[in-house]
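Just below is one structure, and these are the notes that go with it.
Each value in this text was obtained by applying a stated rule to the coordinates, not by laboratory testing. These numbers come from a predicted model, not from an experiment. Every residue, glycine among them, receives a Cβ derived from its backbone with ideal geometry; neighbour counts consider all protein chains shown.
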Amino acid sequence: MKENNYSLILRTLYHLQPIERVRLVQQTSLSSSTVTRCIAELIDAGFISEVGTSERTKLGRKPVKLKINPEAFNVLIVDIGAFKTNYALGFADGTLEKLESLNTPDSFEEILDKVNKLLTSYKKVEVVAFSIPGMVDVKSSTILFVPSKGWRDVKIEIEGKVVYADNEANLAMISEAFERQEIRTSKCSVFVTVREGFGTGVWINGSIFRGPSFTAGEFGHTTFDVHSKNLCHCGNTGCVETYVSLSSFFGENYSYFMSYLSEKNWRENPEILEYIDLLSRALSNIVNALNPEYLIIGGDLSGLDGEFYEILEEFTKRYSLEHAAKILKVMPSTFITDTYLYGALYAVIEEYLIPRMVRKITKK
């Protein structure tokens, strides 16, 4: 019971900070005395701080606002893309500082060398978190397979540090649930990341669904065309990814696609409409298979003209089963950039930092 109380208070703080004690009582339905006691212990532990007063009162003393102390924890975050790898320093309050963006090497060992160099400068780092564009055994921090790089069965080990690694789309889905209550409380939502590849993160009944072998959500490697000669990185032909990833449809230098969308008359561009039609057919397969309430579109399709997502929803519903289409909402991702960095940070907060903090406090 005590551990559950701390977990509930901390998660509420993360989602609503800065927040007053009285509002914590309202949001958690815990007693005022329980919240007051837990907050006092968390302040003593240096994990949360009082950060000023609220203006939301007319009489009496103004309530003090509470916030997670950013310096209570550091995590080094590594977002590996097919072309670029981004490095950032994450903090306990869910904020981050971007460090470097470098070309992704062919060898994972080169990434580890870079990580170890960064760790000599950031000695307070407790966890190193990796966003991987492929399949990952989260429990053992082992890269199972990264199709674009050919990496297989790579166990990530860094001396003296906790290692956390997950698939990039899973992390993006976690970031959406962390940021949006409607996603967090949905029965089923799916994050679709479209850039060099096509991946999905699946949220079911309050948690990310990875599957027993950590390969759930690989819709990019389902078959789109049985007669296709298009060879996918996974070794099969006709995969969804070989049709609807931006690099497959527009070519590896697909930046001109973005310039199309900045034009006032992009809706009259036949190539854009063809791509939306093709992408919506791929999305309808996800809708028909999982019946999600929300499809969140991200990767390099983040931050586009709002009408892009409206048209994509219209097309997707057209190709989806009637009853599945009725509840579907297609929306852009919360973050225009850095989705996977934030996703890795939020995942570490949810799956490592909060449990560790609760154990530390309750074992006193």
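Pull out a ≥ b ≥ c, the square roots of the eigenvalues of the alpha-carbon gyration tensor of the stretch 188-259, then state rounded if a/c is under 1.5, prolate if not and a/b is larger than b/c, and oblate in the remaining case. Cα axes put the stretch 188-259 in the oblate bin. One entry in [x] 89, 27, 14; [y] 37, 29, 22; [z] 37, 26, 18 is semi-axes √(5λ) of the Cα gyration tensor in Å calculated from the shown coordinates; its label is [z].
Given the pairs Lys114/Lys139; Lys187/Lys329; Lys67/Lys117, which are separated by over 20 angstrom at their Cα positions? Over 20 Å apart, Cα to Cα: Lys114/Lys139; Lys67/Lys117.
Mean separation of Cα pairs under 8 Å and 6 or more residues apart, divided by the residue count, gives the chain a relative contact order of 14 percent.
In degrees from 0 to 90, rounded to the nearest 10, what is the angle of the helix 108-119 Cα long axis to the longest principal axis of the chain? Value to nearest ten degrees: 30. The calculated FRET efficiency for Glu252 paired with Thr362, based on their beta-carbon distance and R0 = 56 Å, is about 0.60. Packing around the peptides 166-176, 257-267, 342-352, taken as the average count of other Cβ atoms within 10 Å per residue, puts them in this order, highest first: 166-176, 342-352, 257-267. Judged by the ratio a/c of the largest to the smallest principal axis of the C-alpha gyration tensor, the stretch 2-68 counts as prolate, that ratio being 1.5 or greater while a/b is larger than b/c. Overall shape: oblate for the stretch 181-332, with the ratio a/c of the largest to smallest alpha carbon gyration tensor axis at 1.5 or above and b/c at least equal to a/b.
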